[in-house]
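Worksheet for the structure shown next.
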Amino acid sequence: MDEPDRITQDQILEIRARVEEINHKLGFMLSATPKARENAYAVFGNSRNLARIYLAVDGKRTLDQLTSDLNMHKQDVSSGLSLLWKEGLVDRRSSGRNAIYSKNQFEKILRISRYLKTQFNLGANG
């Protein structure tokens, strides 16, 4: 039986290459727009806890692990991660029953961690 709708490995690689190209172009455009940096920084306002949560996100730890490492209430960390995800500052992926959050391309483009560490006098991991 023929499978004409099946995607080949070459097609997947081509799609990935195009997505990467789009991300690079987006990064270039955003880095040239001061307003983009201001908007990203404004998400944190005066919230030292939200800054700590963002800095702790590493693409490896679960909500429970972040909560423990940050010595914060689970609901506060969960709400912070949800806000960061909704604002597009972190990515989320499933790992079994857990969600794992990671910083995305905006970290590199907008230098969010550097700003937060300076603004809130924090270490690399919050």
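The values are calculated or read from the model by the stated rules, or taken from the named source; none is laboratory data. What you see is a predicted model; the values in this text were computed from it and never measured. Heads up, the Cβs are rebuilt from the backbone with ideal geometry, glycines too, and the neighbour counts pull from every protein chain shown.
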Tally of residues being over 24 Å from ASP76 (Cα atoms) and aliphatic (A, V, I, L, M) across region 25-52: 5
It is to be established whether one or more residues within region 47-58 are at pLDDT 90 or above, surrounded by 12 or more Cβ atoms within 10 Å (Cβ to Cβ) and over 19 Å from ALA124 (Cα atoms). no
If you scan region 15-54, which residues turn out to be polar (S, T, N, Q), part of a helix (DSSP H, G or I) and farther than 18 Å from LEU110 by Cα? ASN49
Where the second residue is outside any helix (DSSP H, G or I) and the first is free of Cβ contacts under 8 Å to residues at least 40 places away in the same chain and lies in region 28-40, which pairs have Cβ atoms under 9 Å and are six or more apart or on separate chains? ASN39/GLU87
Are there any pairs, at least 6 apart or on different chains, whose C-beta atoms fall under 6 Å, with the first in region 59-87 and without any contact (Cβ under 8 Å) to a residue 40 or more places away in the chain and over 25 Å from ALA42 (Cβ atoms) and the second loosely packed, with under 15 Cβ neighbours inside 10 Å and not small (Gly, Ala, Ser), and if so, which? THR62/ASN98; THR67/LYS74
Does VAL77 meet the test of being of a type in the set (Val, Ile, Thr), under 24 Å from LYS25 (Cβ atoms) and surrounded by 14 or more Cβ atoms within 10 Å (Cβ to Cβ)? no
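Can we say LEU30 is at pLDDT 95 or above and not aromatic (Phe, Trp, Tyr)?
no
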Identify the residue in region 65-90 that is among the polar types (S, T, N, Q) and part of a helix (DSSP H, G or I) and, among all such residues, is nearest to the chain's Cα centre (by Cα). SER82
